[in-house]
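Data first, discussion second: the structure below is written as structure tokens.
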Amino acid sequence: MLPIDLQHLPSSEELPCSDDTPVDNEDQNLLPNILLFLLNSIWANRNDWYFGVDMGIYHTTGKSPKVPVIPDGFLSLGVERRKPSRKGRGRLSYVLWEENNIPPILTLELVSHSYGGEYDEKMDIYARLGVLYYVIYNPEFWQRDGHQPFEVYKLTNGQYELQIGEPYWMPEVGLGIGRHQALFGNLPQEQLAWFDAKGDRYLSEAEAERRRREQLEAFLRSHGFDPDQLPPS
């Protein structure tokens, strides 16, 4: 491996934001974005986090700082939520030497039809980066790969160790992660979600509003009122 000139590293403006490789199934884009949308609600008042989807992470632990690793999703804490670029589009990529060398605290990979190195190459890269939690979601090919459909690994003494329990609580993040059944476009689908310390799933804004409406209707009925027959306000 050639030595890396740490004094003359390229800027985010000079680096590609991705490898332009299309995902081979829609969940690779959908599920990380659902996690991002939930975080925008859960942490609406916080500005010290960033969640990237299909974005290149540039680092100096590989062969070249111009070669990124690209997880399906990743979460970093202690960084700006929105970091302006000269092109005015926020982050073009996640460049460690422009982020105070703060690595993601969590990376997410969705296993696809083609080999992606989720259980070996990427695991080694994330360990070198110091990513504390590595989540692998493999609902279709887990038997092929000899793994479970949902696995959470924690970095311990430089090595990833498989964790037990779902949803799995991550105290350093302040969130749990796991699966649940949901409707998306009126079709049932397993999705990933964030959970609180008690194991309760954080609801989307639409789900929370629907639950509040159901609770109000139940309260009115318990007091002898038909919520469908209330006079207009």
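The values are calculated or read from the model by the stated rules, or taken from the named source; none is laboratory data. The shown structure was predicted, so the numbers you read here are calculated from the model rather than taken from an experiment. No Cβ is skipped: glycine too gets one built from the backbone with ideal geometry, and neighbour counts run over all protein chains shown.
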Criterion first (touching a residue at least 40 places away in the same chain (Cβ under 8 Å) and more than 15 Å from residue 72 (Cβ to Cβ)) does residue 173 satisfy it?
yes
Filter the strands (runs of 3 or more DSSP E) completely within segment 92-177 down to those with at least 1 residues that are in the same structural domain as residue 56 (by TED's automatic domain parsing) and closer than 19 Å to residue 33 by Cβ.
106-110, 133-137, 150-156
Go over the candidates 126, 119, 94 one by one and state the one that is closer than 22 Å to residue 178 by Cα and in contact (Cβ under 8 Å) with a residue 40 or more places away in the chain.
126
Criterion (buried (at least 19 other Cβ atoms within 10 Å of the Cβ) and either at positive phi or of a type in the set (A, V, I, L, M) (or both)) met by exactly one of 96, 77
96
Complete set of residues in segment 30-45 that are crowded, with 20+ Cβ neighbours inside 10 Å and either part of a loop (DSSP other than H, G, I, E, B) or in contact with a Ser or Thr (Cβ under 7 Å, 6 or more places away or on another chain) (or both)
38
Those residues of segment 150-205 which are of a type in the set (Phe, Trp, Tyr) and farther than 19 Å from residue 105 by Cα, in sequence order:
184, 202
Only one of these conditions is not met by residue 164: (1) at positive phi; (2) loosely packed, with under 12 Cβ neighbours inside 10 Å. Which number is it?
(1)
Which one of these is without any contact (Cβ under 8 Å) to a residue 40 or more places away in the chain, of a type in the set (Asp, Glu) and surrounded by 15 or more Cβ atoms within 10 Å (Cβ to Cβ): 54, 48, 72, 27?
54
Only one of 111, 67, 135 is without any contact (Cβ under 8 Å) to a residue 12 or more places away in the chain and either among the hydrophobic types (A, V, I, L, M, F, W, C) or under 20 Å from residue 194 (Cβ atoms) (or both). Can you tell me which?
67
